[in-house]
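Please treat every number below as a calculation from the coordinates, not as lab data. All of these numbers come straight from a predicted model, not from anything done at the bench. Note that each Cβ is placed from the backbone with ideal geometry, even for glycine, and that neighbours are counted across all protein chains shown.
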Ligand code: NTF
């Protein structure tokens, strides 16, 4: 018999999708109501911020019925879903995306027009939530967008940092960090639910006791606790009536401040507990690719994971849910090792709180987690000292010890007591100090482990975790990263989107492989003209943004050569600098006439972790080179270096669509995937890149003729390390490299001061961990080919069109399909 239809739990759940009225007048009424009653201002006296907040809330109303309906149906069907656990979500601005998802953009534009308000100005008012560092956090944002668009049940869990990634400014060319107060002007997209807070405990000790059923159990007598307050955000699917949820936790003290102490006059002491607790969600660690081994960071990780698991088990699941069926209902996806403490936490919940026995709990836990690794750099593989973990989470340490003991017993059994192997595979490292290897814990516990591009997944199996690959056949898999075409094509590049739709019709935005249908247009002269006009248009748009933002100008006749990503030695911004200095030196030495080179504007965007000294020196160097090159009359304006500070998602949306050339020049074997590389290809830039990460898959798809490949291959890198790499020998044997480095060393970019860039020069000549000098010659040769190729406008445009047409694979919708098929088994629900 058909199950009885449950009653709607909320009146609004019955409201027709699309309410309130989707008409211009209906919108204007709602907007003015929000302005008057929400902001308490009249249209005539309202500020741009008032208008932005009122508009955001109005757009929210249009999503509300869908959100409530999604929640109701999920409660009704109990369909299996994904709980994405991520310490970072780099969301970008919300307004444009919400308008796109609801299909309201035109109505809003017209309605605001009637009120004398400019939509673009309101969009510019939004401060993006920068709750992530770079690729890892942006990937999480793309994934939740795709899951909503594909109607897959998903709840994203993370931290509501009060301060996101720092705001970068330059003072005399050096990076200076400022706090990112993204909440200061109001937070119209969030829904706080203090009544649904969870308690998270820390410290204390464990003890054995005899339970009422006569069973010997362990329990954790915690030392202190904080409250975790959920803030919900809508994650709207693209025009499909679905809205998923992102739930970010904020830390608060469990007790209000101590009034007695306050009245006694000791104000600091009165708020001490409050300050201490709130510090946990105060600020995003600005580290990218290296874990910052700080106690507060472990507190952050446990804080959000514990709150999320409790929330899911005790609040999201129905009261009578049989936890033995947990794997049929949820998969917790671990976005890197940051949330891996969730493994012992779920064990603790099942054993200590739900009184399950160990074996049952472990069987469930192993089906409920899957782990994505995002790096190959050994220094980025997170470990927590046993000392710290035992102090902060004593019960978890016990559980980890037992997981490890049982695991190593199995290893020893299978491999005849091979002690070397046992110690290699131990979750507990013994040197340099006893520490928990979080990636090993995740691998042992996870149903699946994946890397983020083909090469990365292969190296993960062969180099980083080979013993585990052997021990757990079938556990390792690959899912190549992807990016959401809604934000990075449709929103970022409306002109290209319109051109595409004119050519192949609608539908490509949710079925990106359909871009293939553009291929024949590469041969169509009129289409090529229009495509070029789109690029030029986007360069003029970037020019307007940079003039206003930084006082920079962009010439739309220049080849726009762009390197935007975190500043990291392995990404090799220095190699890019060596190319620029080489071009500059060719001109000032008279080797080439300015008129004979392809005019280029180089754009950099990059934040360095505040404690990463050499990365900050490299930023200083880029600015130093820019200041000299841009002002040297001999260059005749044919080379230009622009480094707008504070590169973020908002700026990316303007820079990427304008780019001609995408710089993806990491040392082979070091960039796990890259996702910027995909965004550029989809927006019609050609890539100059190494055989690394997802570059490899991009090149395979777009074709060798439409990609500038250079540099050592990963096995060649390994061989060169093994043989003994001597960077200075490249300096000695390549005169052009020598001239470039000498210019820097002699102070040509530091007012004659030879000391300023000595650390960078010294590092390159005597260490060069990432072999910039070994790849220099190949890079320069490839760049010379780029310059020549750009001069053939038609051929270049053909290649650019083919890049767009053949990059549909890099939609994050496809990534999600692969996660669903290979790891999650969570089909679209409704
Ligand atoms: C990054 N990893 C990788 O460095 C990128 O290559 C990759 O595209 C993104 O993840 C997304 O997968 C990290 O930021 C971290 F923290 F894992 F090192």
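The residue 45 and residue 536 beta-carbon pair, evaluated with R₀ = 45 Å, returns a calculated FRET efficiency of approximately 0.65.
Taken over the C-alpha atoms, segment 672-830 has Rg and Dmax values of 20.2, 66 angstrom. Spread over its residues, the convex hull of the C-alpha atoms of segment 20-91 is 137 Å³ per residue. Note on the chain: helix-only mean residue ellipticity at 222 nm, from DSSP H runs of 4+ residues weighted -39500 (n - 2.57) and normalised by residue number, equals -13000 deg cm²/dmol.
The Cα center of segment 130-178 and the Cα center of segment 679-748 differ in position by 29 Å.
Between residue 424 and residue 472, the simple label model (points 7 Å from Cα in the Cβ direction) yields a spacing of 1.7 nm. Annotation: extensible slack from residue 261 through residue 292 equals 7.6 nm (criterion: 0.36 nm per residue apart, minus Cα-Cα distance).
Averaging 1/r over each pair of different alpha-carbon atoms in segment 186-328 and inverting the result gives 18.3 Å, the Kirkwood hydrodynamic radius.
Could I get the Rg over Rh figure for segment 485-810? Both from C-alpha atoms, Rh via Kirkwood, rounded to two places. My calculation of the ratio gives 0.96.
Across segment 37-170, the volume of the C-alpha convex hull divided among the residues equals 146 Å³ per residue. Where the centroid of each part is defined by its Cα atoms, how far is segment 434-475 from segment 592-662 in Å? What the calculation gives is 38 Å, centre to centre.
DSSP beta bridges confined to the chain are antiparallel in about 45 percent of cases.
Rg then Dmax, both in Å and based on the Cα atoms of the chain: 27.6, 90.
Extending 7 Å from Cα along the Cβ direction at residue 728 and again at residue 276 yields two label points whose distance is 5.3 nm. Take each peptide in 550-559, 95-104, 411-420, 220-229, count the other Cβ atoms within 10 Å of every residue, and average; sorted highest first, the result is 95-104, 220-229, 550-559, 411-420.
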